[in-house]
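**Student:** Starting off with a structure, shown below.
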Amino acid sequence: MPADTTQGASALTDVAHEPGAPKPDPILVTDNIVRTFGGLTAVDVDHIEIQRGAITALIGPNGAGKTTFFNLLTGFDQPDTGAWSFDGRDLQGVPAYKVARSGMVRTFQLTKALSRLTVMENMRLGATGQSGESLLRAMFAPLWRAQEKANTERAETLLRRFQLDAKTDEFAGSLSGGQRKLLEMARALMVEPELVMLDEPMAGVNPALKQALLGHVKSLREDGMTVLFVEHDMDMVRDISDWVIVMAQGRVISEGPPEAVMRDQRVVDAYLGAHHDDTLSVEDEERIIAQAEAEIAAGEAQEGSR
Amino acid sequence: MNWDAILANSLQAALGPEAIVYCLAAIGLNVHFGYTGLLNFGQAGFMAVGAYGLAATVVTFGLSFWLGLAVGIAATVVLALLLGIPTLRLRADYLAIVTIAAAEIVRQLLGSQSMRDVFGGKDGRQGFTDTFRALSPLSGEVDLGIVRFSPFDAWVTLVGWSLVALSCVVVWLLMRSPWGRVLKAIREDEDAVRSLGKNVYGYKMQSLILGGIFGCLAGFILSVSRSSVVPDNFMTDLTFFAYTVLLLGGAARVLGPVVGAILFWLLISVLGNFFGQATAGPDPLIPPWIMDQNQSSLVRFIALGLALMLLMIFRPQGIFGDKRELAINAR
């Protein structure tokens, strides 16, 4: 479906570069999501739309509330207020496992490979609607064997695609960090999601594997899936995302295509502080030097009195 | 030193009703802890509920033995729901605290004065095994060479080991299925399982009920083999010994609890008989200034503890466990 995907991403050219901009074909729409932890407002997002069939990056400095926002959208945490819908279905108060079943599957920042299960068992677990997962039918293998076989074949195809086919029968716990990221992504695809949400897919991955991972994320879009990911790696953001949403201190401060967002003064300020590139005036310089000298003198005086 | 007697007594213990009770209890804990990662420290509570369900139905209400079995299982399911509904959404350690407390509450309640009319207080209930005795096809002593069982014990043992075999088959069938895979995945990381669209809470509840029912079967065998139930049969150490049996055999292995139970009772009995004999008579093998006859029955537990420590140091995965699995950091 290459025609569809280009449409999904290219349709963003006419979208305004401002927070909360409406998209032509949104798959995920959120309104007024607020989450506070005691006195701290971790997330306070007014309105966001995620374009179907595009790769959207969610970036922001540490503590901006990106992962919390992810948790809220996927039902792993409940917001204080807010409403959001996925593909037209209201997701407010829906438990995490039902969110996943509806086609919105996430991965985790700290990879959650199921260590003492083999790679293949990890994959099989991802398949939905398994009749053998009901307690009564589980005991009678003929009732689920055919489905298991089909799932295994699908898993093998995915493992080949993610270059994990040599590891099929090994414990997931014996994989390297990067391989676990690959496994987690492949496992999420077993659910056959429409929207894949990746929480820092590049964290802890070596540069060689990074390129492969980038390719895999792009291929999700080519397969007609929508991708929303949190990332710190700016190269990755620039390289693969069609649209970037920037969060800082719980709020969305900017939206737009990667080049535009990285030139945005609000974004630069959020990452580097508001006054980082003001030139120092002579008065400022003198004041700073005087202050430093005073501190040194005070320190010496203290030392002498001892 | 009479080694023949030691061997005979020990085999008797390793194959007898006591070992069966611990084996069934450990099979339940294997479902809870070994496969699902649920820390149930209240297996004694499930056993008590099963045993008393049977005894009270027959003795207090004069109903049939078979109905008693059904009541015991139903009561176990209710207990599992009561424990699970508030705690299974929380972290694993909460379940541990709640179950250990619940087992004690159950025991105190069953032995309480105010419920004496139903459960018989501290004296418990006797005389509910007539139907079971009448079913026995065995008459006369059963002699298996070195091991010898009374007709009733042989009948209990036969039924007991059949139950163990049946339970093992059920566990094996379930754990190779996709259902068992979900349980094992929950043991590894329940958030990951949730993110793949599985109702983790529902699966944990099913696991708690299923393992509880195995505990209930253990309670049946315990009460029937002794032809009585008293609250003090269901102290917390029962649960801890069942855990020992499980870890000895190897957790998350179908036959782990079976091998564990046999070995545990073999060990306890060999040590008990050995120290008993070594301290008996006018000129004992072990001089009285080291230990006397009374102390010898306690020393076997010390030696057992030592043996378990050595096992955990040199074979931490248990008899059947896979060292490769243990080497993997669980998280």
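Every read-out reported here was derived from the displayed coordinates using simple, explicitly stated rules and does not represent laboratory data. Everything numeric in this text was worked out from a predicted model, so none of it was measured. No Cβ is skipped: glycine too gets one built from the backbone with ideal geometry, and neighbour counts run over all protein chains shown.
**Student:** ³J(HN,Hα) across region A:162-177 via Karplus (A = 6.51, B = -1.76, C = 1.60, θ = phi - 60°), whole Hz, x for Gly/Pro?
**Tutor:** Rounded to whole hertz, the list is 9, 6, 10, 5, 6, 9, 2, 9, 8, 5, 4, x, 8, 7, 6, x.
**Student:** For chain A, what does the helix formula give at 222 nm: sum of -39500 (n - 2.57) over DSSP H segments with n ≥ 4, over the residue count, nearest 500 deg cm²/dmol? Spell out each step's value before the answer.
**Tutor:** Details: 12 runs with 127 residues, N = 306.
Helix contribution divided over all residues of chain A: -12500 deg cm²/dmol.
**Student:** Taking θ = phi - 60°, what integer Hz values does the Karplus form 6.51 cos²θ - 1.76 cosθ + 1.60 yield along region B:6-20, in sequence order, with x for Gly and Pro?
**Tutor:** These are the phi-based 3J(HN,Hα) values: 4, 4, 4, 4, 6, 5, 4, 5, 5, 9, x, x, 4, 5, 5 Hz.
**Student:** Spelling out what I want: for every residue of region A:122-138, take phi, set θ = phi - 60°, compute 6.51 cos²θ - 1.76 cosθ + 1.60 (Karplus), and round to whole Hz; glycine and proline get x.
**Tutor:** 4, 5, 4, 4, x, 4, 9, x, 7, 6, x, 8, 8, 4, 6, 7, 4
**Student:** Can I ask one more? Quick one: grab the alpha carbon gyration tensor of the protein assembly as shown, order the square roots of its eigenvalues as a ≥ b ≥ c, and give me rounded if a/c is under 1.5, else prolate or oblate depending on whether a/b is larger than b/c. Could the numbers behind the result be given before it?
**Tutor:** Values: a/c = 2.51, a/b = 1.96, b/c = 1.28.
The shape class here is prolate.
**Student:** Cα centroids of region A:91-152 and region B:41-95: how far apart, whole angstrom?
**Tutor:** 31 Å
**Student:** While we're looking at this one, here's another question. With a ≥ b ≥ c taken as the square roots of the eigenvalues of the C-alpha gyration tensor of chain B, please select rounded if a/c is under 1.5 and otherwise prolate if a/b is larger than b/c or oblate if it is not?
**Tutor:** Oblate.
**Student:** Which entries of A:K210/B:K204; A:K66/A:K210; B:K122/B:K204; A:K210/B:K184 have Cα-Cα distances beyond 29 Å here? Intermediate results must be reported in sequence, preceding the final value.
**Tutor:** Working: A:K210/B:K204 37 Å; A:K66/A:K210 21 Å; B:K122/B:K204 34 Å; A:K210/B:K184 31 Å.
Pairs exceeding 29 Å: A:K210/B:K204; B:K122/B:K204; A:K210/B:K184.
**Student:** Under 10 Å, Cα contacts only: if you run a Gaussian network model on chain B, which one of B:P137, B:P17, B:P316 comes out with the highest mean-square fluctuation?
**Tutor:** Highest fluctuation of the listed residues: B:P137.
**Student:** With the crude spin-label approximation of a point 7 Å out along Cα→Cβ, what separation in nm comes out for A:A21 versus B:S150?
**Tutor:** Distance between the two pseudo-spin positions: 8.8 nm.
**Student:** Please tell me the relative contact order of chain B in percent, rounded to the nearest whole number, where contacts are Cα pairs under 8 Å and at least six residues apart. Write out the running numbers ahead of the final one.
**Tutor:** On the way: 529 pairs, mean separation 104.7, N = 331.
Reported relative contact order: 32 percent.
**Student:** Collect residues whose amide H, placed 1.01 Å from N in the peptide plane, falls under 5 Å from the amide H of A:V43; neighbours closer than 5 in sequence don't count.
**Tutor:** Sorted by chain and number, the residues that satisfy this are A:R35.
**Student:** Additional query: Rank by packing, highest mean first: peptides A:113-123, A:60-70, B:212-222, with packing defined as the count of other Cβ atoms within 10 Å averaged across residues. Write out the running numbers ahead of the final one.
**Tutor:** On the way: A:113-123: 23.3, A:60-70: 20.5, B:212-222: 28.6.
Taking the mean over residues of other Cβ atoms within 10 Å, the ranking is B:212-222, A:113-123, A:60-70.
**Student:** Further, regarding this structure: To the nearest whole number, what is the average tally of beta carbon atoms from other chains within 10 Å of the beta carbons of peptide A:123-136? Don't jump to the answer; show the numbers that get you there.
**Tutor:** Numbers: counts 0, 3, 11, 7, 3, 3, 1, 6, 2, 7, 9, 4, 10, 1.
Average per residue, whole number: 5.
**Student:** Over region A:162-230, calculate the relative contact order: mean separation of alpha carbon pairs under 8 Å at least 6 apart, over the residue count, as a percent.
**Tutor:** Details: 48 pairs, mean separation 25.4, N = 69.
The normalised contact order for region A:162-230 reaches 37 percent.
**Student:** Also: Points 7 angstrom from Cα along the Cβ direction at A:D90 and A:T13: gap in nanometres?
**Tutor:** Distance between the two pseudo-spin positions: 3.8 nm.
**Student:** Note the full-extension length gain between A:L143 and A:N62 as 0.36 nm times their separation in residues minus their Cα-Cα distance, in nm to one decimal. Can you show the working numbers first?
**Tutor:** Details: separation 81, 0.36 × 81 = 29.16 nm, distance 4.91 nm.
Computed gain between A:L143 and A:N62 is 24.2 nm.
**Student:** So, one more: Using modelled amide H (1.01 Å from N, peptide plane; none on Pro or chain starts), what sits under 5 Å from the amide H of A:T118, excluding residues fewer than 5 places away?
**Tutor:** A:A172
**Student:** Now for a separate question. By DSSP, what percent of the beta bridges with both residues in the protein assembly as shown are antiparallel, rounded to the nearest 5?
**Tutor:** Numbers: 28 of 44 bridges.
Bridges in the protein assembly as shown that DSSP calls antiparallel: roughly 65 percent.
**Student:** Running a GNM on chain A with Cα contacts under 10 Å, which residue among A:V99, A:V15, A:V237 ends up with the highest mean-square fluctuation?
**Tutor:** A:V15
**Student:** Normalising by the residue count of chain A, find the relative contact order in percent from Cα pairs under 8 Å and 6+ residues apart.
**Tutor:** Values: 521 pairs, mean separation 74.6, N = 306.
Once divided by the residue count of chain A, the mean separation gives 24 percent.
**Student:** Assuming R0 = 41 Å, can you tell me the calculated FRET efficiency for the pair B:D4 and B:T236, based on Cβ-Cβ distance, to the nearest 0.05?
**Tutor:** Working: r = 37 Å, r/R0 = 0.89.
Taking R0 as 41 Å, the efficiency between B:D4 and B:T236 is 0.65.
**Student:** As an exercise, identify the trypsin sites (Lys or Arg not before Pro) in region B:38-137 lying in DSSP coil whose Cβ has no more than 15 other Cβ atoms within 10 Å. The partial results should precede the final answer.
**Tutor:** Working: sites: B:R89, B:R91, B:R107, B:R116, B:K122, B:R125, B:R133; in loops: B:R89, B:R91.
Passing both the DSSP loop test and the Cβ count: B:R89, B:R91.
**Student:** I would also like to ask the following. Would region B:133-183 count as rounded, prolate or oblate if I go by the C-alpha gyration tensor, calling it rounded below 1.5 in a/c and otherwise prolate when a/b exceeds b/c, oblate otherwise?
**Tutor:** On the way: a/c = 5.76, a/b = 2.92, b/c = 1.97.
Taking the square roots of the gyration eigenvalues as a ≥ b ≥ c, region B:133-183 is prolate.
**Student:** Under 10 Å, Cα contacts only: if you run a Gaussian network model on chain A, which one of A:Q291, A:Q109, A:Q179 comes out with the highest mean-square fluctuation?
**Tutor:** The residue that fluctuates most here is A:Q291.
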